[in-house]
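See below for the structure under consideration.
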Amino acid sequence: MLCRVCQSEISQFMSFGDMPIANGFLTDDRFESEYFFELAPSFCNRCNMFQLIEQPEPERMFHENYAFFSSISRYMQIHFKAFADFVMERVLDGRNDPFVLELGSNDGIMLRNFKDAGVRHLGIEPSSNVANVARSQGIQTLSEFFNLDLAERVLREHGQADAVLAANVMCHIPDINTIAAGIARLLKSDGILMFEDPYLGDMIEKTSYDQIYDEHVFIFSATSVTWSFGQHGLELIDVIPQITHGGSMRYVLAPEGSHPVSQNVNDLLEKEQAQGLHRKETYDQFRRNCEASRDALRSVLELLQNSSKRVVGYGATSKSTTITNYCELGPEHIEFISDTTPIKQGKYTPGMHIPVKPYEVFSRNYPEYALLFAWNHAQEIFEKEEGFKKQGGKWITYVPKVEILE
Ligand code: JHZ
Ligand code: SAH
Ligand code: ZN
């Protein structure tokens, strides 16, 4: 297998085994025909890109029944308002009729703020069900996959962009070279590219291996972003850590030489060296940490199962598909998973087929234990789940370590 960035020979350093589509919540008549692929990460010694060996076709993951609706989290709405304000202040301020392009705009969680401020904008969102939510709110959205052809079309129809934005999208697109080339064509000579994604340094440090699933074909670091976008004349000029999604990084890039480079970039590149993100041994250790985490979580759930405790999952996240399948946790361990997303409710989780039920089923009859699959939203969730704790309910978490919270 060749590296998706620099074409060096790469190989997997571990396997999570057969995995279904992470957001492929399904009805029981679909169990027989469920699609599986091997989830196996690798790391390129040359350009340092952490990547999947195999990724299902984009159309299998992103379509008219896509299950992730960004605006479901109140905290993320606040986060994306702050992101939009940051762009308006730092990039757009003082520009004449600026144009903002967002890749993977989903239900409009970020672009809504540009629309409200009267800024010319366009979202590219291939999953038509979520794109339609944005459109119904007057947010300009094209329901297509972003690629080089589309970049040319946007250029012809809207002109060059002052800002190209993407959150939790760039790491989903496998042909990173053509995407970077397309963005480089689209950006004005003083334009800015900003994207944020789960950060490799956090994932390694916290053993949050549930960030690894079909959609996340890459887990970026400053080192790999410098390499991959540098090939197309885009320079990393700043890096801004984010607490969202369990530890993300916002990368700020610009046409080479057009902007000063912040000291933050060198600091982070050095930190990544010190953390050993370029070393094979780091990934061997990560594999052992994943195995230990899996064994510990299975033991806890088997113990609770043997003592007939009620355990319910909280948040049918994409990440939970990696956990349940890798740790082989099924309905015998987890009675159901509570989730507020209507399209997931009444269905079963991918692979392990745990029922997904509306939040009210959880709150009406609290279980003894709740396994926090949406651990990245812990603050928002703990704030609203005082009642569960008051009834004696206990949280089980597995990041950064497997633990029953007292
Ligand atoms: P959440 C998705 O990941 C997929 P997921 C994707 N690949 C990605 O990178 C990120 O998003 C951006 C529910 N919930 O945000 C709603 C409650 O039930 O961790 C969601 O189904 N009650 C694009 O799926 C899920 O949990 C609550 O109070 O891992 C959260 O999913 C809250 C806050 C959430 O993303
Ligand atoms: N930005 C939002 C949504 C992230 S979900 C947030 O951070 O919450 C990832 C989105 O990227 C999905 O809605 C998916 O349909 C979209 N996507 C996947 N491949 C894409 C591509 N090639 N071009 C544009 N969007 C894409
Ligand atoms: Zn490489």
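Residues that are assigned to a loop (DSSP other than H, G, I, E, B) and under 23 Å from C290 (Cα atoms) were ranked within segment 4-18; the one that is nearest to ligand 3 (Cβ to nearest atom) is I10.
Pick out the one residue from G246, G201 that is at positive phi and either modelled with pLDDT of 95 or more or open to solvent by 10 Å² or more (accessible area, probe 1.4 Å) (or both). I'd like the intermediate steps shown before the answer.
Details: G201 fails: at positive phi.
Checking each option against the conditions leaves just G246.
The numbered conditions (1) within 15 Å of the chain's Cα centre (by Cα); (2) more than 9 Å from ligand 2 (Cβ to nearest atom) are all true for G94 except (1).
Of all the listed residues (G94, G138), the sole one being small (G, A, S) and open to solvent by 50 Å² or more (accessible area, probe 1.4 Å) is G94.
N23: under 26 Å from I354 (Cα atoms), within 10 Å of ligand 2 (Cβ to nearest atom) and modelled with pLDDT of 95 or more, yes or no?
Working: under 26 Å from I354 (Cα atoms): yes; within 10 Å of ligand 2 (Cβ to nearest atom): yes; modelled with pLDDT of 95 or more: yes.
Criteria met by N23.
For segment 63-80, state whether one or more residues are under 16 Å from I212 (Cβ atoms), within 16 Å of the chain's Cα centre (by Cα), open to solvent by less than 10 Å² (accessible area, probe 1.4 Å) and within 16 Å of ligand 2 (Cβ to nearest atom). There is no residue in segment 63-80 that is under 16 Å from I212 (Cβ atoms), within 16 Å of the chain's Cα centre (by Cα), open to solvent by less than 10 Å² (accessible area, probe 1.4 Å) and within 16 Å of ligand 2 (Cβ to nearest atom).
Residue-by-condition table, conditions (1) assigned to a helix (DSSP H, G or I); (2) touching a Gly at 6+ places or on another chain (Cβ under 6 Å); (3) open to solvent by 10 Å² or more (accessible area, probe 1.4 Å); (4) not polar (S, T, N, Q):
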residue: N177; (1), (2), (3), (4): yes, no, yes, no
residue: A184; (1), (2), (3), (4): yes, yes, yes, yes
residue: D190; (1), (2), (3), (4): no, no, yes, yes
residue: L193; (1), (2), (3), (4): no, no, no, yes
residue: E205; (1), (2), (3), (4): yes, no, yes, yes
residue: Y213; (1), (2), (3), (4): no, no, yes, yes
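Scan segment 2-24 residue by residue and report those that are within 16 Å of ligand 1 (Cβ to nearest atom) and touching a strand residue (DSSP E or B) at 6+ places or on another chain (Cβ under 7 Å).
Within segment 2-24, the first condition is being within 16 Å of ligand 1 (Cβ to nearest atom), and the residues that meet it are 16, 19-24.
Within segment 2-24, just M19 meets the criteria.
If you check V164, V133, which single one turns out to be under 22 Å from A67 (Cα atoms) and either out of contact with any His (no Cβ under 9 Å at 6 or more places or on another chain) or open to solvent by 20 Å² or more (accessible area, probe 1.4 Å) (or both)? Steps first, answer last, please.
Working: V164 fails: under 22 Å from A67 (Cα atoms).
Being under 22 Å from A67 (Cα atoms) and either out of contact with any His (no Cβ under 9 Å at 6 or more places or on another chain) or open to solvent by 20 Å² or more (accessible area, probe 1.4 Å) (or both) holds for just one of V164, V133, which is V133.
Where helices (runs of 4 or more DSSP H) fall wholly inside segment 292-406, the ranges with 1 or more residues that are away from ligand 1 (no atom under 16 Å from the Cβ) and out of contact with any Pro (no Cβ under 7 Å at 6 or more places or on another chain) are 386-390. Go through segment 27-39 and give me each residue that's under 19 Å from E215 (Cα atoms) and surrounded by fewer than 19 Cβ atoms within 10 Å (Cβ to Cβ). Those that are under 19 Å from E215 (Cα atoms) and surrounded by fewer than 19 Cβ atoms within 10 Å (Cβ to Cβ): E34, Y35, F36, F37, E38.
Scanning segment 25-52 for residues that are of a type in the set (D, E, K, R) and assigned to a loop (DSSP other than H, G, I, E, B), which turns out farthest from D197 (Cα to Cα)? Checking each candidate, the answer is E32. Can you find even one residue in segment 284-297 that is within 12 Å of F373 (Cβ to Cβ), more than 16 Å from ligand 2 (Cβ to nearest atom) and either open to solvent by less than 40 Å² (accessible area, probe 1.4 Å) or β-branched (V, I, T) (or both)? The answer is yes; a qualifying residue exists.
Applying a threshold of 8 Å to beta carbon distances and a minimum spacing of six or more residues, or different chains, the list of pairs starting in segment 53-74 at a residue that is part of a loop (DSSP other than H, G, I, E, B) and ending at one that is open to solvent by 40 Å² or more (accessible area, probe 1.4 Å) and within 16 Å of ligand 3 (Cβ to nearest atom) reads I53/M1; I53/S11; I53/Q12.
The values are calculated or read from the model by the stated rules, or taken from the named source; none is laboratory data. It should be emphasised that the depicted structure is a prediction, and the values quoted were computed from it without experimental measurement. Note that we place each Cβ from the backbone using ideal geometry, even for glycine, and neighbour counts take in every protein chain shown. Surface areas here come from the heavy atoms of the whole protein model, side chains and all, with no ligands, DNA or RNA. Shrake-Rupley method; radii C 1.70, N 1.55, O 1.52, S 1.80 Å.
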